[in-house]
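The values are calculated or read from the model by the stated rules, or taken from the named source; none is laboratory data. Fair warning: this is a prediction, and the values are worked out from it, not measured in the lab. Using ideal geometry, Cβ is built from the backbone for each residue, glycine included, and neighbour counts are taken over all protein chains shown. Note: accessible area is taken over every heavy atom of the protein model, side chains too, but ligands, DNA and RNA are not part of it. Shrake-Rupley method; radii C 1.70, N 1.55, O 1.52, S 1.80 Å.
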Amino acid sequence: MIYQVYVRSFADGNGDGTGDLAGVRSRLPYLRDLGVDAIWFNPWYASPLADGGYDVSDYRAIHPMFGTLEEAELLISEAEQLGIRTIVDIVPNHVSDQHPWFQAALAAGPGSKERERFWFHEGAGENGDQMPTAWVSSFQGDTWSRTTNPDGTPGEWYLHLFTAEQPDLNWNHPDVRKEHEDILRFWFDRGVAGVRIDSAAMIIKDPALGPLQENHAPGQHPHIDRDEIHDIYRGWRAVADEYEPKRILVGEVWLEDTARFAQYLRQDEMHTAFNFDFMTQPWDARAMRSSIERTLAEHEPIGAPATWVLSNHDITRPVTRYGREDSSFAFDRKRFGTPTDLELGTRRARAAALLTAALPGCLYIYQGDELGLPEADVPHDLIEDPMHFRSGGVDPGRDGCRVPLPWSTTGISLGFGPSAGSAPWLPQPGEWRELSVEAQAATASSMLSLYRTALATRRASEDLMDGGLEWLDMPDAVLAFRRGVTTVSLTNFGDSPVALPDHIGVLAASAELVDGALPPDCTVWLEVAPHGVGSA
């Protein structure tokens, strides 16, 4: 299991209200006891934090609010001693506008070699006052910003598929390719076990800056999933394979075309890629099953393990999402005040946790999901996420899933930092004290106890770790499958209890069974006799 740590909100070691590496180091035993095999860290590098650290100014330095490079090296080593590996984020599409390369490009002016590392271009229109393309930003808003010449006149435009503080790199330039391979080696040399590649399908652009069309031929979109991209990741795989043990590459690849998605997972490219399709599905048996089938089908031909996750630092937390009338997720539908039933959402999130942990492949957990934290309502004047501002203020942004974790029932930060420390950088809802680690640790029915039981059972089960998946014949509202020989998982998406098949024992359940039946919005793992339940 891989556990995602958003450092700023995980644990505060020095009491300044911001999470840091000292805080993570102090909580490593918690992660070990939870059953974590690896930690994936969101960017911890030097950054102006225009986009939560995804605007990197120096990959070889740790942001001072988090600590130092020496502390990162200690963290990597101490985690390894506990059997926990480290995965770090790399953001190849862009850098910070404060990065030395971009500052040098601005200073050097039009036509300079320094600007060739980015996408500087003359504007369109008679006076060059229009953007060179009408490409669409991942963060809403414009994708080009105009520079100002030393004499104060309008200058060239530069491309940024995200915010203006994140200029896109030109991956056709050899400096860009060499620099990133050197960055990989820098962190691999320090014991990092792998990298997660942000926005992995977006880094290559059409040099002709071709227009967006309603439909593009495969590999011909001007800035997503272009065919030339695979040479880059083959180079990265060669770097990863220089090390022993081999380092791993994990891609963030948002693609609807399953065949194109699978190309990133060929044996000389990435090892795994995130499964966003499953994470965004509504609480519906048919939708979930279709997503699982698609995911397994796209991974099977290439032999790469599938990945499963319910949320991350960008996605509305499951407890909130599953309690809504529309329980699916899409960025363009996020709005303030969307009602939710947290009791229903919690029940479904518990069931989803067991369902996800029963699937074959790699399991990811975002910090706080094991506590059943809901999405927090962040006061408008404290919102920092650029998605909120670039939406004109209608999108609440992603800060609600990034609120600091509650570790205890008391204190100004609920144990996030020292008792005499500062308040956390984002306020924690008062009711979170009952969701803290301290409050849940000794309660057998808590979300944390459910996660601990599920992860321990999963780790000890040959069926769940290595067995295949076989769908079982059950009512339409029930998602049921066998893993391996004697383990069955059933999830009831319907409104009525469902009778359980013959079984030897119950391995785990997300809620109490009712007269031997599976209640609505509940998942159970059963031990059954070999081939004792009928296949679909």
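So P396 passes all but one of these: (1) open to solvent by less than 10 Å² (accessible area, probe 1.4 Å); (2) modelled with pLDDT under 95. Which condition number does it fail?
(1)
Determine whether R60 is open to solvent by 20 Å² or more (accessible area, probe 1.4 Å), closer than 28 Å to N93 by Cβ and among the basic types (K, R).
Values: open to solvent by 20 Å² or more (accessible area, probe 1.4 Å): yes; closer than 28 Å to N93 by Cβ: yes; among the basic types (K, R): yes.
In short, yes.
Hey, any hits in segment 91-104 for a residue that's under 22 Å from A193 (Cβ atoms) and aliphatic (A, V, I, L, M)?
Restricting attention to segment 91-104, the residues satisfying the condition of being under 22 Å from A193 (Cβ atoms) are 91-92.
Then keep just the ones that are aliphatic (A, V, I, L, M); that gives 91.
Yes; the residues of segment 91-104 include at least one that is under 22 Å from A193 (Cβ atoms) and aliphatic (A, V, I, L, M).
Enumerate the pairs (first residue in segment 422-444 and under 17 Å from R8 (Cα atoms); second residue anywhere and open to solvent by 40 Å² or more (accessible area, probe 1.4 Å) and not polar (S, T, N, Q)) with beta-carbon separation below 6 Å, excluding pairs fewer than 6 apart on the same chain, so at least 6 apart or on different chains.
The qualifying pairs are S422/D16; A423/I412.
Do we have L490 as within 17 Å of R350 (Cα to Cα), part of a strand (DSSP E or B) and touching a residue at least 24 places away in the same chain (Cβ under 8 Å) here? Before you say what the answer is, go through the steps one by one.
Numbers: within 17 Å of R350 (Cα to Cα): yes; part of a strand (DSSP E or B): yes; touching a residue at least 24 places away in the same chain (Cβ under 8 Å): yes.
For L490, the condition - within 17 Å of R350 (Cα to Cα), part of a strand (DSSP E or B) and touching a residue at least 24 places away in the same chain (Cβ under 8 Å) - is met.
From the set of residues in segment 423-436 that are aliphatic (A, V, I, L, M) and in contact with a Pro (Cβ under 7 Å, 6 or more places away or on another chain), which is surrounded by the most Cβ atoms within 10 Å (Cβ to Cβ)?
L435
Where residues in segment 27-57 are among the β-branched types (V, I, T) and under 20 Å from D198 (Cβ atoms), which of them is surrounded by the fewest Cβ atoms within 10 Å (Cβ to Cβ)?
First, pick out the residues of segment 27-57 that are among the β-branched types (V, I, T): 36, 39, 56.
Still in the running and under 20 Å from D198 (Cβ atoms): 39, 56.
Numbers: I39: 23, V56: 27.
Only one residue fits best here, namely I39.
When you check T148 against the structure, is it modelled with pLDDT under 95 and either among the aliphatic types (A, V, I, L, M) or in contact with a Ser or Thr (Cβ under 9 Å, 6 or more places away or on another chain) (or both), yes or no? It would help to see each step written out before you state the result.
On the way: modelled with pLDDT under 95: yes; either among the aliphatic types (A, V, I, L, M) or in contact with a Ser or Thr (Cβ under 9 Å, 6 or more places away or on another chain) (or both): no.
No, not satisfied.
For segment 282-300, what are the residues that are open to solvent by 10 Å² or more (accessible area, probe 1.4 Å), closer than 18 Å to C362 by Cβ and in contact with a helix residue (DSSP H, G or I) (Cβ under 8 Å, 6 or more places away or on another chain)?
R294, A297, E298
Just name the residue that is nearest to D314 (Cα to Cα) out of those in segment 49-65 that are of a type in the set (G, A, S) and over 20 Å from the mean Cα position of the chain (by Cα). Reasoning before the result, please.
At the first step, the residues of segment 49-65 found to be of a type in the set (G, A, S) are 50, 52-53, 57, 61.
Applying the additional criterion that residues be over 20 Å from the mean Cα position of the chain (by Cα) yields 57, 61.
Details: S57: 21, A61: 24 Å.
If we take residues in segment 49-65 being of a type in the set (G, A, S) and over 20 Å from the mean Cα position of the chain (by Cα), then S57 is nearest to D314 (Cα to Cα).
Restricted to segment 471-490, and to residues that are under 15 Å from E527 (Cα atoms) and not aliphatic (A, V, I, L, M), which residue is surrounded by the fewest Cβ atoms within 10 Å (Cβ to Cβ)? Quick ask: steps written out before the conclusion?
Within segment 471-490, the subset under 15 Å from E527 (Cα atoms) is 472, 480-490.
If we keep only those that are not aliphatic (A, V, I, L, M) as well, we get 481-484, 486-487, 489.
Working: F481: 24, R482: 24, R483: 23, G484: 18, T486: 20, T487: 21, S489: 23.
Ranking the qualifying residues of segment 471-490, first place goes to G484.
Quick check on my filter: what residues within segment 447-457 are open to solvent by less than 50 Å² (accessible area, probe 1.4 Å), among the polar types (S, T, N, Q) and in contact (Cβ under 8 Å) with a residue 12 or more places away in the chain? Before you say what the answer is, go through the steps one by one.
Pass one, segment 447-457, residues open to solvent by less than 50 Å² (accessible area, probe 1.4 Å): 447-451, 454-455, 457.
After this cut, where a residue has to be among the polar types (S, T, N, Q) as well, the list is 449, 457.
Listed by number, the list holds a single entry, T457.
Anything in segment 149-162 that is open to solvent by 30 Å² or more (accessible area, probe 1.4 Å) and touching a Leu at 6+ places or on another chain (Cβ under 9 Å)? List them, or say none. Step through it out loud before you land on a result.
The initial filter retains those residues of segment 149-162 that are open to solvent by 30 Å² or more (accessible area, probe 1.4 Å), namely 149-154.
Listed by number, the list is empty, since nothing qualifies.
Name the residues in segment 167-182 that are closer than 16 Å to G251 by Cβ and hydrophobic (A, V, I, L, M, F, W, C), would you?
Correct list: W171 only.
Here's a check for you: in segment 409-420, which residue that is out of contact with any Phe, Trp or Tyr (no Cβ under 7 Å at 6 or more places or on another chain) and open to solvent by less than 20 Å² (accessible area, probe 1.4 Å) is farthest from A439 (Cα to Cα)?
Of segment 409-420, the ones out of contact with any Phe, Trp or Tyr (no Cβ under 7 Å at 6 or more places or on another chain) are 409-413, 417-420.
Still in the running and open to solvent by less than 20 Å² (accessible area, probe 1.4 Å): 413, 417.
On the way: S413: 15, G417: 17 Å.
Among those residues, the one meeting the criterion is G417.
When the residues of segment 333-368 are filtered to those that are touching a residue at least 60 places away in the same chain (Cβ under 8 Å) and of a type in the set (D, E, K, R), which remaining residue is least open to solvent (accessible area, probe 1.4 Å)?
K334
Just give me the residues in segment 301-315 being more than 30 Å from S9 (Cβ to Cβ) and open to solvent by less than 50 Å² (accessible area, probe 1.4 Å), in sequence order.
Filtering segment 301-315 down to residues more than 30 Å from S9 (Cβ to Cβ) leaves 301-304.
Residues satisfying the conditions are I302, A304.
Determine which single condition R321 fails, assuming it passes every other condition in (1) under 14 Å from M288 (Cα atoms); (2) of a type in the set (D, E, K, R); (3) open to solvent by less than 10 Å² (accessible area, probe 1.4 Å).
Here R321 meets the rest and fails (1).
Just to be sure, is R146 free of Cβ contacts under 8 Å to residues at least 60 places away in the same chain, open to solvent by 50 Å² or more (accessible area, probe 1.4 Å), in contact with a Gly (Cβ under 9 Å, 6 or more places away or on another chain) and farther than 24 Å from Y6 by Cβ? Quick ask: steps written out before the conclusion?
Values: free of Cβ contacts under 8 Å to residues at least 60 places away in the same chain: yes; open to solvent by 50 Å² or more (accessible area, probe 1.4 Å): yes; in contact with a Gly (Cβ under 9 Å, 6 or more places away or on another chain): yes; farther than 24 Å from Y6 by Cβ: yes.
So R146 fits the description; yes.
Residue check, E256 against (1) farther than 23 Å from E300 by Cβ; (2) exposed (fewer than 15 other Cβ atoms within 10 Å of the Cβ); (3) under 20 Å from the mean Cα position of the chain (by Cα); (4) of a type outside the set (F, W, Y), all met but one. Which one?
(1)
Has segment 163-183 got any residue that is of a type in the set (A, V, I, L, M, F, W, C), free of Cβ contacts under 8 Å to residues at least 60 places away in the same chain and open to solvent by 10 Å² or more (accessible area, probe 1.4 Å)? Explain how you work it out, then say what you get.
First pass over segment 163-183, keeping only residues of a type in the set (A, V, I, L, M, F, W, C): 164, 169, 171, 176, 183.
Remaining after also requiring free of Cβ contacts under 8 Å to residues at least 60 places away in the same chain: 176.
Pick out the ones that are also open to solvent by 10 Å² or more (accessible area, probe 1.4 Å) and you get none.
No.
Which one of D395, D476 is acidic (D, E), outside any helix (DSSP H, G or I) and under 26 Å from the mean Cα position of the chain (by Cα)?
So the residue among D395, D476 that is acidic (D, E), outside any helix (DSSP H, G or I) and under 26 Å from the mean Cα position of the chain (by Cα) is D395.
Find the residue count for segment 148-184, including only residues that are assigned to a helix (DSSP H, G or I) and more than 26 Å from the chain's Cα centre (by Cα). Talk me through it step by step, then tell me what you get.
If we filter segment 148-184 for residues that are assigned to a helix (DSSP H, G or I), which is where we start, we get 174-184.
If we keep only those that are more than 26 Å from the chain's Cα centre (by Cα) as well, we get 174-175, 178.
Residues flagged as assigned to a helix (DSSP H, G or I) and more than 26 Å from the chain's Cα centre (by Cα) within segment 148-184 amount to 3.
Could you check segment 501-523 and list, in sequence order, the residues that are assigned to a loop (DSSP other than H, G, I, E, B), more than 22 Å from G468 (Cβ to Cβ) and in contact (Cβ under 8 Å) with a residue 24 or more places away in the chain? Full working, then the answer.
If we filter segment 501-523 for residues that are assigned to a loop (DSSP other than H, G, I, E, B), which is where we start, we get 501-504, 510-513, 515-516, 519-521.
From what is left, the residues that are more than 22 Å from G468 (Cβ to Cβ) are 510-513, 515-516, 519-521.
Within segment 501-523, S510, A511, P519, P520, D521 meet the criteria.
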